[in-house]
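The values are calculated or read from the model by the stated rules, or taken from the named source; none is laboratory data. It should be emphasised that the depicted structure is a prediction, and the values quoted were computed from it without experimental measurement. Neighbour counts are summed over all protein chains in view; Cβ atoms, including those assigned to glycine, are modelled from backbone coordinates with ideal geometry.
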Amino acid sequence: MVGAVQYLRVPVNNVLHPRGASGWIVGGETTDGACSFHGALAFFIRSGFLVMRDEREMTMTATVLIVGADPLNRNCADWEAILQNQGYEVIAARGGEIALAICPHLQPDLVLLNDLLPDIHGFEICRRLKADPRNRLTPVVLLKASGDSSDVSRGFEAGADDFWEHAPTPGEALGRVHSLLQLKTYIDEQAESVIFSLAHSIETQDPGGGGHCSRVSNYAVRFGKSLDLSQDDLDALKIGGLIHDIGKIGVPNTILSKPGPLDSEEIKIVEQHPILGEQICAPLKSLRHVLPIIRHHHERMDGSGYPDGLQGEHIPLTVRILQIVDICDALTSDRSYRKGLSLSRALIVLFEEADRGWLDEGLVSQFASLVVGSENSVALGNRGRPQPSDVAKNGVGAIRSV
Ligand SMILES: [Fe+2]
């Protein structure tokens, strides 16, 4: 299972209260925006926002977000305790605004949403949560202690997955929670399977791209290991290598396989694929650490890339690593419009792209050392660059054999 390192950015009034040995209460001047967090959370205040780095190892433990001060006519802390005793990770948000702020980043496995909140009505929160791709697959249970029957249809219209009109017993509620979480797990597994199948299908349709993603995945992990990256980052590289181009599902095959350069309209279409790929994968919590790789794998160090024009180290390290491996494999592979280059020639192109300000030069040097070290066949020159005389001596395939 992929380990979790996530950042939550939540508006608060800079008041932190320790909550025993394992959690914290974060609150402001009123209780409206109060939110409690359990688990090993490190956080700091920046520009009026609470920034939390969650270093918990992500296991199969489900995360439940309770929104509302008094769901199910019970004390909120009781429900936290009941669910925690079942092994769930529980986060309680007292108000709607703070729930909307943390939910897209937290991607809880279940939201228990009280409709009577101090700031926003539960129906509206449900609607806004479901409108965000990152929470689209998250089951939301609306809790309403009293009210007319028309609220049930309004709740389902807002996107709620279940509507509890009357407070169930703890045993009944836990049964419903277990069922919803089982269904969520099943849906996630099916969706993930579809995404990997789609990625494989796209790859096989590319005349010159067969096996490209698998090679990129394998070699990106190997490169990452040589840089002593964490297991989280290695997992992201492994999955990112396989599905980083999933957004190409939205690019017509006539463009993907077009021999020769693309025109400006075709380029615009191609440049949408990282955004579409992110949208496809965003609902899956298990893929959230891969999203930066999917969205940013065409950024350039000088900011001239797409879709966001990120510069330098604003481009995540895993992205810069995958870019180099991705480009190298593409260069050494046969395409419809050219034959694959030799590894030595590909490394020269990578250094040229670093000189232009597109790739991370330090990483290109380390990559070249890794490749050459493994092959022991290309002499390195100044700053780890292949000598021109080596270009003619070495064939295609060194990187593809890994
Ligand atoms: Fe791409």
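Please state which one of 206, 245, 232 is at pLDDT below 85 and touching a His at 6+ places or on another chain (Cβ under 8 Å). Let's see the steps before the verdict.
Numbers: 245 fails: at pLDDT below 85; 232 fails: at pLDDT below 85.
Residue meeting the stated conditions: 206.
Has region 260-268 got any residue that is touching a Cys at 6+ places or on another chain (Cβ under 8 Å) and either in contact (Cβ under 8 Å) with a residue 40 or more places away in the chain or outside the structural domain of residue 129 (by TED's automatic domain parsing) (or both)?
Of the residues in region 260-268, the ones touching a Cys at 6+ places or on another chain (Cβ under 8 Å) are none.
No: zero hits.
Tally time: how many residues in region 293-317 are in a helix (DSSP H, G or I) and away from the ligand (no atom under 15 Å from the Cβ)?
Quick first cut of region 293-317, residues in a helix (DSSP H, G or I) only: 293-296, 312-314, 317.
Then keep just the ones that are away from the ligand (no atom under 15 Å from the Cβ); that gives 312-314, 317.
Number satisfying all stated conditions: 4.
Which members of region 220-256 meet the condition of being basic (Lys, Arg) and touching a residue at least 12 places away in the same chain (Cβ under 8 Å)? Quick ask: steps written out before the conclusion?
In the first step, residues of region 220-256 are kept if they are basic (Lys, Arg); the result is 222, 225, 238, 248.
Correct list: 222, 238, 248.
How about region 301-348: which of its residues are among the charged types (D, E, K, R) and in contact (Cβ under 8 Å) with a residue 60 or more places away in the chain? Quick ask: steps written out before the conclusion?
Step one: list which residues in region 301-348 are among the charged types (D, E, K, R), which gives 302, 308, 313, 320, 326, 329, 334-335, 338-339, 345.
If the condition is that a residue be among the charged types (D, E, K, R) and in contact (Cβ under 8 Å) with a residue 60 or more places away in the chain, then 326, 329, 334, 335 are the ones that fit.
When the residues of region 262-292 are filtered to those that are assigned to a loop (DSSP other than H, G, I, E, B) and away from the ligand (no atom under 14 Å from the Cβ), which remaining residue is modelled with the lowest pLDDT?
Of the residues in region 262-292, the ones assigned to a loop (DSSP other than H, G, I, E, B) are 262-263, 271-272, 282-284, 288-290.
Remaining after also requiring away from the ligand (no atom under 14 Å from the Cβ): 263, 282-284, 288-289.
Details: 263: 95, 282: 93, 283: 91, 284: 92, 288: 88, 289: 91.
Out of the qualifying residues, it is 288.
So, in region 154-183, of the ones that are among the aliphatic types (A, V, I, L, M) and part of a loop (DSSP other than H, G, I, E, B), which residue ends up nearest to residue 284 (Cα to Cα)? Spell out the reasoning first.
As a first pass, look at region 154-183 and keep what is among the aliphatic types (A, V, I, L, M): 158, 160, 167, 173-174, 177, 180-181, 183.
Adding the requirement that they be part of a loop (DSSP other than H, G, I, E, B) leaves 158, 160, 167.
Details: 158: 21, 160: 18, 167: 30 Å.
The qualifying residue nearest to residue 284 (Cα to Cα) is 160.
Residues in region 222-261 that are part of a helix (DSSP H, G or I) and not polar (S, T, N, Q): how many? Steps first, answer last, please.
To start, the set of residues in region 222-261 that are part of a helix (DSSP H, G or I) comprises 222-226, 231-243, 246-250, 253-256.
Subset that is not polar (S, T, N, Q): 222-225, 232-243, 246-250, 255-256.
Qualifying residue count for the region: 23.
Considering each residue of region 321-345, count those that are buried (at least 21 other Cβ atoms within 10 Å of the Cβ) and assigned to a helix (DSSP H, G or I), and give that number. Reasoning before the result, please.
To start, the set of residues in region 321-345 that are buried (at least 21 other Cβ atoms within 10 Å of the Cβ) comprises 321-326, 328-329, 331-333, 342-344.
Narrowing further to those that are assigned to a helix (DSSP H, G or I): 321-326, 328-329, 331, 343-344.
Residues meeting the conditions: 11.
Being under 14 Å from residue 356 (Cβ atoms) and either touching a His at 6+ places or on another chain (Cβ under 7 Å) or at pLDDT below 95 (or both) is the filter here; which residues of region 296-326 pass it?
Correct list: 305, 323.
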